[in-house]
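K.L.:
Take this structure, written in structure tokens, and hold onto it; I'll ask about it next.
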Amino acid sequence: MLRTLAFAALVSTVVTAPVAAQTPRGATDAGTARGLQKNQDYVAPPDRVPAHFPAGWRFTPGGAPFVARHAVVVSDAPIASRVGSEIMRRGGNAVDAAVATEFALAVVYPEAGNIGGGGFMVIHMADGRNAALDYREVAPLAATRDMYVGPDGKVTDESLFGPKASGVPGSVAGLTTALARYGTMSLSAVMQPAIRLAERGFVIDSAMARTVAAYAHHIVAFGGAEIFVPGGQPLRAGDTLKQPALAKTLRAIARQGSKAFYQGPIAEAWTGELAKEGGIITMEDLRRYRPIWRTPIRSTYRGNTLLTMPPASSGGVTMTETLNILEGFDSLPPFGGAGWAHLVGSAFQRAFVDRNAKLGDPAFVDVPIKELTNKQYAARLRATIGTRATPTSSLKAIGEGTQTTHMSVADARGNAVAVTTTLNELFGSSVYLASAGFFLNDEMDDFTSRPGVPNMFGLVQGEANAIAPGKRMLSAMSPTIVLDPRGRLLLVAGSRGGPRIITSTTQVIMNVLDYRMSLADAMSAPRLHHQALPDTLRIEEHGITPTANDSLQAMGYQTSFGGGIGLVNALMRVRGGYEGVTDPRGSGGAAGF
Ligand code: DON
């Protein structure tokens with residue numbers, strides 16, 4: 001009773017505060033620590049267990065989430081989260097809010113929010129309908145298998161920077177398609193806030209100013225100087241960024257739908273501009289582009305149901321395979337110890353061996369989804385985990401002998417949407433199409449440029465993900481919705497960080513389900529990562545004790561320590577409402593009411 005009262009008190013103090021007071025003016029200044037600062041009023045839901053983190057770890061347990069009684073949006077930009085929240089306050093559902101937030105991210109978070117990239121959306125409607133929308137980019141018709149192999153046989157950097165790095169963008173087609181099927185509001189209504197932000201401008205915060213400064217040398221090389229580095233000076237915190245060309249493009253899309261982006265004068269202008277730079281995306285590529293409705297991967301973990309993204313993302317398969325392996329252990333070893341790192345790392349390692357070799361666009365290769373997500377297959381893999389590290393070289397795939405942004409949203413009816421979208425690297429290929437006001441992705445780098453040669457994330461991938469015209473490049477994006485054992489919405493989560501998307505999202509889910517952490521603790525807990533190759537167990541700096549590290553090394557692991565693994569944005573349904581938590585490693589924000 002006491003806890004419920006405390007929760008209600010928090011709801012009223014947090015939620016009735018004016019939205020403007022909760023989120024400062026900049027795009028990304030709000031979230032960081034605020035949501036996780038000790039909040040004397042906050043009492044975690046009664047079924048949560050207090051977390052303990054190693055001494056020296058950068059975050060303390062026991063933080064408070066953002067709490068909303070009716071609806072919540074968690075994204076990498078507080079302004080965009082507020083846009084989605086307002087849409088729901090005006091009666092829109094979670095899909096209306098997701099689409100509005102995504103278009104707003106394209107304006108206020110241009111490093112990753114986009115209309116020049118692609119993404120994946122998982123939808124759970126309270127009436128029981130579930131859906132997955134794949135609006136991943138595809139390779140242009142002129143793409144060839146070896147287009148990134150130089151005359152010397154080495155892989156070039158053209159898959160990452162410049163006019164040849166881009167796949168045909170899917171975002172506009174995807175967002176409009178999702179809205180048409182599951183939304184309740186008009187396209188122009190959900191796009192109005194984004195158009196306003198592009199037209200009237202918004203105030204740059206310190207996080208965005210830092211990112212623009214770090215990438216200024218790329219941006220000025222490909223057309224973005226005037227907007228982002230005016231007079232040779234990268235935008236500074238406090239500057240107002242107006243994007244009139246983007247506003248014009250968005251207005252046309254709001255009026256005419258996605259064809260304004262894929263056909264007609266806007267499309268002709270931006271493909272023409274790209275061609276002048278040496279790009280290969282044509283009007284025919286745009287004419288052919290289609291998002292694809294897919295059946296979400298539906299798996300179970302300890303009685304809960306996971307709805308995740310099937311290929312062309314590897315996220316759902318790899319997460320399911322990992323969790324199936326771990327489910328066979330009655331309980332997991334204490335959080336943060338060597339046993340935890342060994343089991344969780346070994347499960348990821350095995351799932352990534354299959355991912356890297358077997359997964360690709362199902363329209364081009366046979367992907368053994370059923371086998372890989374099967375619990376008996378996971379049991380066979382589990383049996384190969386002993387008491388020591390297993391070298392990746394001894395593991396066989398089945399059948400053989402900067403930048404991304406995730407948002408989670410839920411509405412008062414219990415509809416929920418998980419969306420991850422990306423340009424791949426920050427600002428994509430760095431090519432800014434001034435006529436239409438957007439950056440193009442560098443998603444071509446997610447293909448296997450050459451089997452056996454690592455891509456920008458060090459992923460060593462195989463033939464299944466080789467380049468072919470019209471093919472979707474394999475992704476790691478893992479928008480995920482978890483339903484509790486009674487089938488009610490429990491969690492919405494996803495992340496950024498290339499292959500670390502899969503491991504970070506999975507660990508937040510495990511922290512909630514296995515370790516029964518509060519959502520804030522689940523998000524601030526240390527993370528690890530194993531992607532099979534390189535054969536290294538990567539752990540966040542100070543994420544385990546030196547003693548645990550000694551044990552891991554004695555077990556044969558090569559451990560490496562580094563910065564943040566993933567950037568998760570998640571929400572959890574709790575008694576009386578929702579908790580929303582943005583990753584304390586980043587600068588996002590939650591909004592709701
Ligand atoms: O689709 C993928 O898996 C990658 N293009 C995601 C890239 C990413 O997360 C970059 N952010 N750090």
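Each reported figure results from applying straightforward, stated rules to the coordinates on display, with no laboratory input. Because the structure is a prediction, the values reported are computed rather than measured. Heads up, the Cβs are rebuilt from the backbone with ideal geometry, glycines too, and the neighbour counts pull from every protein chain shown.
K.L.:
Within region 447-465, is even one residue of a type outside the set (A, V, I, L, M, F, W, C), within 16 Å of the ligand (Cβ to nearest atom) and under 30 Å from Val409 (Cβ atoms)?
P.N.:
No.
K.L.:
Going by the conditions given, is Ser166 surrounded by fewer than 20 Cβ atoms within 10 Å (Cβ to Cβ), more than 26 Å from Leu307 (Cα to Cα) and not charged (D, E, K, R)?
P.N.:
For Ser166, the condition - surrounded by fewer than 20 Cβ atoms within 10 Å (Cβ to Cβ), more than 26 Å from Leu307 (Cα to Cα) and not charged (D, E, K, R) - is not met.
K.L.:
Right, Ala468: under 15 Å from Ala165 (Cα atoms) and part of a loop (DSSP other than H, G, I, E, B) or not?
P.N.:
Taking the combined requirement at face value, the residue satisfies it.
K.L.:
Out of region 193-252, which residues are surrounded by fewer than 20 Cβ atoms within 10 Å (Cβ to Cβ) and within 24 Å of Ala173 (Cα to Cα)?
P.N.:
Arg196, Glu199, Pro244, Lys248, Arg251, Ala252
K.L.:
Has region 258-266 got any residue that is away from the ligand (no atom under 16 Å from the Cβ) and buried (at least 24 other Cβ atoms within 10 Å of the Cβ)? Before the answer, list the steps.
P.N.:
First, pick out the residues of region 258-266 that are away from the ligand (no atom under 16 Å from the Cβ): 258-266.
Then drop every residue that is not buried (at least 24 other Cβ atoms within 10 Å of the Cβ), which leaves 261.
Yes, because at least one residue in region 258-266 is away from the ligand (no atom under 16 Å from the Cβ) and buried (at least 24 other Cβ atoms within 10 Å of the Cβ).
K.L.:
Could you check region 409-430 and list, in sequence order, the residues that are buried (at least 24 other Cβ atoms within 10 Å of the Cβ), within 16 Å of the ligand (Cβ to nearest atom) and either outside any loop (DSSP other than H, G, I, E, B) or not acidic (Asp, Glu) (or both)?
P.N.:
Ala418, Val419, Thr420, Thr421, Thr422, Leu423, Asn424, Phe427, Gly428, Ser429, Ser430
K.L.:
Report whether or not Met477 is within 16 Å of the ligand (Cβ to nearest atom), assigned to a loop (DSSP other than H, G, I, E, B), among the aliphatic types (A, V, I, L, M) and surrounded by 20 or more Cβ atoms within 10 Å (Cβ to Cβ).
P.N.:
Yes.
K.L.:
Of all residues in region 171-194, count the ones that are in contact with a Pro (Cβ under 6 Å, 6 or more places away or on another chain) and of a type in the set (Gly, Ala, Ser). Walk me through how you get there before you give the answer.
P.N.:
Step one: list which residues in region 171-194 are in contact with a Pro (Cβ under 6 Å, 6 or more places away or on another chain), which gives 173-174, 177.
Retained after the next criterion (residues that are of a type in the set (Gly, Ala, Ser)): 173-174.
Here the count works out to 2.
K.L.:
Condition (residue is farther than 20 Å from Met309 by Cα, aliphatic (A, V, I, L, M) and not in a helix (DSSP H, G or I)) applied to region 378-388: is it met by at least one residue?
P.N.:
Step one: filter region 378-388 for residues farther than 20 Å from Met309 by Cα, giving 379-388.
Checking which are aliphatic (A, V, I, L, M) leaves us with 379, 381, 383, 385.
Then keep just the ones that are not in a helix (DSSP H, G or I); that gives 383, 385.
Yes, some residue in region 378-388 is farther than 20 Å from Met309 by Cα, aliphatic (A, V, I, L, M) and not in a helix (DSSP H, G or I).
K.L.:
OK, next. I need the strands (runs of 3 or more DSSP E) fully contained in region 48-132, keeping only those with at least 1 residues that are among the hydrophobic types (A, V, I, L, M, F, W, C) and surrounded by fewer than 24 Cβ atoms within 10 Å (Cβ to Cβ). Give the steps one after another, and end with the answer.
P.N.:
Values: elements: 66-68, 72-75, 118-124.
Answer list for region 48-132: none.
K.L.:
Within the set of pairs 6+ apart or on separate chains, which have a first residue in region 479-507 that is more than 18 Å from Asn356 (Cβ to Cβ) and among the β-branched types (Val, Ile, Thr), a second that is part of a loop (DSSP other than H, G, I, E, B) and more than 16 Å from the ligand (Cβ to nearest atom), and C-beta atoms under 9 Å apart?
P.N.:
Ile481/Pro296
K.L.:
Report every pair of residues separated by at least 6 positions or lying on different chains whose Cβ atoms are under 6 Å apart, first residue within region 446-461 and among the small types (Gly, Ala, Ser), second in a loop (DSSP other than H, G, I, E, B) and within 13 Å of the ligand (Cβ to nearest atom).
P.N.:
Filtered contacts from region 446-461: Ser449/Ser159.
K.L.:
So which of Arg538, Arg585 ends up being in a loop (DSSP other than H, G, I, E, B), within 16 Å of the ligand (Cβ to nearest atom), under 23 Å from the mean Cα position of the chain (by Cα) and surrounded by fewer than 23 Cβ atoms within 10 Å (Cβ to Cβ)?
P.N.:
Being in a loop (DSSP other than H, G, I, E, B), within 16 Å of the ligand (Cβ to nearest atom), under 23 Å from the mean Cα position of the chain (by Cα) and surrounded by fewer than 23 Cβ atoms within 10 Å (Cβ to Cβ) holds for just one of Arg538, Arg585, which is Arg585.
K.L.:
Condition first: within 16 Å of the ligand (Cβ to nearest atom) and under 24 Å from the mean Cα position of the chain (by Cα). Can you find one or more residues in region 387-402 that meet it?
P.N.:
For region 387-402, residues within 16 Å of the ligand (Cβ to nearest atom) and under 24 Å from the mean Cα position of the chain (by Cα): present.
K.L.:
I would also like to ask the following. Output the residues belonging to region 554-575 that are over 19 Å from Ala341 (Cβ atoms) and surrounded by fewer than 18 Cβ atoms within 10 Å (Cβ to Cβ).
P.N.:
Matches in region 554-575: Arg575 only.
K.L.:
Another question, if that's okay. Does region 49-91 hold any residues that are within 21 Å of Asp127 (Cα to Cα) and in contact with a helix residue (DSSP H, G or I) (Cβ under 7 Å, 6 or more places away or on another chain), and which are they?
P.N.:
Once the filter is applied, which keeps residues that are within 21 Å of Asp127 (Cα to Cα) and in contact with a helix residue (DSSP H, G or I) (Cβ under 7 Å, 6 or more places away or on another chain), region 49-91 yields Arg69, Ala71, Val73, Ile87, Met88.
K.L.:
Please go through (1) within 19 Å of Ala383 (Cβ to Cβ); (2) in contact with a Ser or Thr (Cβ under 9 Å, 6 or more places away or on another chain) for Phe329 and return the number of the only condition it doesn't satisfy.
P.N.:
Here Phe329 meets the rest and fails (2).
K.L.:
Condition first: within 28 Å of Asp366 (Cβ to Cβ) and among the charged types (D, E, K, R). Can you find one or more residues in region 505-525 that meet it?
P.N.:
For region 505-525, residues within 28 Å of Asp366 (Cβ to Cβ) and among the charged types (D, E, K, R): absent.
K.L.:
In region 176-183, is there at least one residue being closer than 22 Å to Gly119 by Cα, assigned to a helix (DSSP H, G or I) and among the charged types (D, E, K, R)?
P.N.:
Yes, there is a match, as at least one residue in region 176-183 is closer than 22 Å to Gly119 by Cα, assigned to a helix (DSSP H, G or I) and among the charged types (D, E, K, R).
K.L.:
Continuing with this model, one more query. Could you list, in sequence order, the residues of region 485-511 that are among the charged types (D, E, K, R) and either more than 10 Å from the ligand (Cβ to nearest atom) or assigned to a strand (DSSP E or B) (or both)?
P.N.:
Arg486, Arg488
K.L.:
In this structure, does Ile467 turn out to be β-branched (Val, Ile, Thr), over 14 Å from Arg527 (Cα atoms) and surrounded by fewer than 24 Cβ atoms within 10 Å (Cβ to Cβ)?
P.N.:
yes
K.L.:
Against the condition under 19 Å from Tyr262 (Cβ atoms) and within 18 Å of the chain's Cα centre (by Cα), how does Leu459 come out, does it pass?
P.N.:
no
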